[in-house]
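> Sharing a structure here in structure tokens format.
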């Protein structure tokens, strides 16, 4: 596997080694030993999966401490534009974001530690998105930032995505007081 870092500290893209032959292909989606070697948590408490139509945008979500979550995300089927926004107050990249494409073809995984808001745009019908989380979901701790906030300046490449009513009412970045 190949692990790449970004200019925003803590975010990682993990590119698996894929073994292919005339029968098909094989790759590891998780190895406690290998992930420990690259500095990732190895205790995941919850796995989540979502299925989204094309142009569905989910996010930008996070959970407040002490229920904050790190997420190891990947696409099983389809393709997404995945975004992580740094919401760590003392970070030199506070308010900046990283955008990556995850797909069933590239099989990349994206590590998003606590202290980031996360969201994605489905680029294909019936996209299956998988999350491994380092903490349990806690409804009282859920929060988020508005996906289209001008201060965040995220170019999703679409003007009118399908967004939940709840996600359209999240915090603007200018009114946000980060707990991280």
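Every read-out reported here was derived from the displayed coordinates using simple, explicitly stated rules and does not represent laboratory data. Not measured: the values here are computed from a predicted model. A quick note on method: Cβ atoms are made from the backbone with ideal geometry, for glycine too, and the neighbour counts reach across all protein chains shown.
> Considering only 86, 21, 149, give the residue with the highest GNM mean-square fluctuation for the chain, with springs between Cα atoms whenever their separation is below 10 Å.
Result: 21 has the largest fluctuation of those listed.
> On to the next question. Using the per-residue mean of other Cβ atoms lying within 10 Å as a proxy for protection, in what order, highest first, do the peptides 89-97, 77-85 fall?
Values: 89-97: 14.8, 77-85: 22.8.
Per-residue mean Cβ counts within 10 Å order the peptides as 77-85, 89-97.
> Can you give me the distance in nm between label points at residue 138 and residue 164, each placed 7 Å from the Cα along the Cα-to-Cβ direction?
So the two model labels end up 1.9 nm from each other.
> In percent, what relative contact order does the chain have, based on Cα pairs under 8 Å that are 6 or more apart in sequence? Kindly include the intermediate steps, with their values, before the conclusion.
Numbers: 400 pairs, mean separation 52.8, N = 180.
Value for the chain: 29 percent.
> As an exercise, use a Förster radius of 25 Å and the Cβ-Cβ distance of residue 93 and residue 26 to find the FRET efficiency, rounded to the nearest 0.05. Walk me through the intermediate numbers first.
Working: r = 36 Å, r/R0 = 1.45.
For residue 93 and residue 26, the calculated efficiency is 0.10.
> Which residue, 19, 44, 62, tops the fluctuation ranking in a GNM of the chain built on C-alpha contacts under 10 Å?
Fluctuation is largest for 19.
> So if each residue of separation counts as 0.36 nm, and I subtract the Cα-Cα distance between residue 51 and residue 106, what length gain in nm does that give?
Gain on extension, residue 51 to residue 106, equals 18.0 nm.
> Could you tell me which of rounded, prolate or oblate describes the stretch 28-104, using a ≥ b ≥ c as the square roots of the eigenvalues of the alpha-carbon gyration tensor, with rounded for a/c under 1.5 and, failing that, prolate when a/b is larger than b/c and oblate otherwise?
oblate
> Take residue 1 and residue 175, extend 7 Å from each Cα along the Cα→Cβ direction, and tell me the distance between the two endpoints in nm.
Here the answer is 4.0 nm between the modelled labels.
> Just the C-alpha atoms of the chain: what Rg/Rh do they give, with Rh taken as the Kirkwood radius?
Details: Rg = 16.0 Å, Rh = 16.8 Å.
Radius of gyration relative to Kirkwood radius: 0.96.
> For n ≥ 4 DSSP H runs only, could you compute -39500 (n - 2.57) per run for the chain, divide by its residues and tell me the 222 nm figure to the nearest 500?
Working: 1 runs with 6 residues, N = 180.
Here the helix-only value at 222 nm equals -1000 deg cm²/dmol.
> Å³ per residue of the Cα convex hull, for the stretch 82-170? It would help to have the intermediate numbers written out before the result.
Working: hull volume 11.8 nm³, N = 89.
In the stretch 82-170, the Cα hull volume divided by residue count equals 133 Å³.
> Now for a separate question. Assuming R0 = 25 Å, what is the FRET efficiency of residue 76 and residue 37, from their Cβ-Cβ distance, to the nearest 0.05? Please report the intermediate quantities before stating the final value.
Details: r = 24 Å, r/R0 = 0.98.
Efficiency at R0 = 25 Å is approximately 0.55.
> Calculate, axis by axis, the spread of Cα positions in the stretch 72-111 along the three principal axes, and write the results as whole Å, longest axis first.
For the stretch 72-111, the Cα spread along each principal axis is 36, 15, 10 Å.
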